[in-house]
Amino acid sequence: MTATDLFRLDGQAAIVTGGGRGLGRAMAIALAQAGPDCVLVARRAEDLAESVKAVQAAAPGRRAVALP
C-alpha cells in the first residue's frame, strides 16, 4: 500500500468552490485524480468550462459538473 492509497476517494463526490481557476482548479484536478467525481462552483461559466475540461483530461473517467 502506498501513501496515496490512504487518501483514495473512489465512489465519492467532491464540491469545489472557486473551481473556475487558480487554486480551486488545481484542487479539483488533484481531487479528481484521487477518485471522486467533482462539482465545480464559481461565478464565471467560461472559467468553469475550462476547469471541467482540465479535470476530465487529468483524470479520465471522472465526471465534472459546473455550477456557475
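The values are calculated or read from the model by the stated rules, or taken from the named source; none is laboratory data. This structure is a prediction, so every number in the text was calculated from the model and none was measured. Here Cβ is always computed from backbone atoms with ideal geometry, including for glycine, and neighbour counts include all displayed protein chains. Areas reflect the complete protein model, heavy atoms only, side chains present, ligands, DNA and RNA absent. Shrake-Rupley method; radii C 1.70, N 1.55, O 1.52, S 1.80 Å.
Nonpolar atom fraction for the chain, defined as the carbon and sulfur part of the 1.4 Å probe accessible area, stands at 59 percent.
Which FRET efficiency, nearest 0.05, do THR17 and LYS53 yield, Cβ-Cβ r, R0 22 Å? Present the calculation step by step, with values, prior to reporting the outcome.
Working: r = 19 Å, r/R0 = 0.86.
Approximately 0.70, to the nearest 0.05.
In this structure, the amide hydrogen of GLY35, modeled 1.01 Å from its nitrogen in the peptide plane, lies closer than 5 angstrom to those of LEU9, counting only residues at least 5 positions away or on a different chain.
Counting only Cβ charges, +1 for Lys and Arg and -1 for Asp and Glu, the dipole size of the range 13-53 around its Cα centre is about 100 debye.
Tell me, in nm to one decimal, what length is gained between ALA45 and ALA26 on full extension, where the rule is 0.36 nm per residue of separation less the Cα-Cα distance?
On the way: separation 19, 0.36 × 19 = 6.84 nm, distance 1.70 nm.
Using 0.36 nm per residue and subtracting the Cα-Cα distance, I get 5.1 nm.
The phi-based Karplus calculation (6.51 cos²θ - 1.76 cosθ + 1.60; θ = phi - 60°) puts the 3J(HN,Hα) values of the range 13-27 at 10, 10, 9, 10, 7, x, x, x, 6, x, 5, x, 5, 4, 5 Hz, whole numbers, x for Gly and Pro.
Karplus-derived 3J(HN,Hα) values for the range 42-58, using 6.51 cos²θ - 1.76 cosθ + 1.60 with θ = phi - 60°, are 6, 7, 9, 4, 5, 5, 5, 4, 5, 5, 4, 4, 5, 5, 5, 6, 7 Hz; glycine and proline are entered as x.
Might you tell me the accessible area per residue for the chain, computed with a 1.4 Å probe and given in Å²? It would help to have the intermediate numbers written out before the result.
Working: 4440 Å² over 68 residues.
Counting only protein heavy atoms, the per-residue value for the chain is 65 Å².
Once the Cβ-Cβ distance of ASP5 and ARG63 is raised to the sixth power relative to R0 = 25 Å, the FRET efficiency obtained is 0.70.
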